[in-house]
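Below: the structure, in structure tokens.
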Amino acid sequence: MSVRLSVLAACALFSIGPAHALDVFEDAKVMAGEMLYKQECRRCHAPDTDHASYGPPLENIIGRGAGTYPDYDYSVALAASGIVWTPAALRAWMEDNTGFLPGTKMRHVGIQDRTVQDFILSYLGSITTRDAKKISE
Ligand code: HEC
């Protein structure tokens, strides 16, 4: 698919030594993930608390307990779920969130492609370390 191709192209553009290859690859994944996030998630989720959004902001989401952003009115189902947003939980959520947690008020999102999930996870990882103080984990 086109995202995979653009990541390959991004890697091919740099003539990279093995020491930096992984960093460059991770950067390319974050960039692809940001694109996909804008396409699939951004209309409901601001990445940070500085922008209003319909869903809760996803800053520092990896490792955070579900339903813990204090200024957001979560569904009872999510608030009481006890989920911790590990990469595996986020994958299951992206794949079939209403199946994973019936009663959530996030409309069904069905991203089956593991590569697309991977890219979005890389992007979420990049906004998880940006400012650890903004939303506590
Ligand atoms: C149509 C709007 C919409 C879209 C699109 C959407 N979400 Fe959501 N999301 C929500 C809402 C609303 C909630 C709150 C759910 C609840 O309280 O049950 C939520 C909750 C979440 C949570 C839990 C946050 C927390 O603080 O516990 C995560 C994680 C999440 N969404 C990730 C994503 C990702 C990743 C995408 C894109 C692949 C996405 N969402 C797309 C509306 C959306």
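Laboratory data are not the source of any read-out in this text; all were calculated from the coordinates shown. If you're wondering where the values come from, they're calculated on a predicted model, not measured in any experiment. Every residue, glycine among them, receives a Cβ derived from its backbone with ideal geometry; neighbour counts consider all protein chains shown.
How big is the dipole moment of the range 2-128 about its Cα centre under a simple scheme where the beta carbon of each Lys and Arg is +1, that of each Asp and Glu is -1, and everything else is neutral? Debye, nearest 20, please.
Details: 10 positive and 14 negative charges, 64 e Å.
Value, rounded to 20: 300 debye.
Any idea how far apart residue 79 and residue 113 come out in nm if each label point goes 7 Å out from Cα toward Cβ?
Output for this residue pair reads 3.7 nm.
Take 122, 75, 81 and order them by how many other Cβ atoms sit within 10 Å, fewest up front. Walk me through the intermediate numbers first.
Values: 122 22, 75 14, 81 18.
Fewest-to-most ranking of 122, 75, 81: 75, 81, 122.
Set Lys and Arg Cβ to +1 and Asp and Glu Cβ to -1, take the dipole of the range 2-128 about its Cα centre, and tell me which of 93, 55, 68 lies farthest positive.
The one lying farthest along the dipole's positive direction is 93.
Among 115, 129, which comes first, then next, by fewest other beta-carbon atoms within 10 Å? Walk me through the numbers on the way to the answer.
Numbers: 115 14, 129 9.
Going from sparsest to densest Cβ surroundings: 129, 115.
To make sure I understand, if each residue's beta carbon is the centre and we count other beta carbons within 10 Å, what order do 42, 64, 107 fall in, fewest to most?
Numbers: 42 16, 64 20, 107 9.
Taking fewest neighbouring Cβ atoms as first place, the list is 107, 42, 64.
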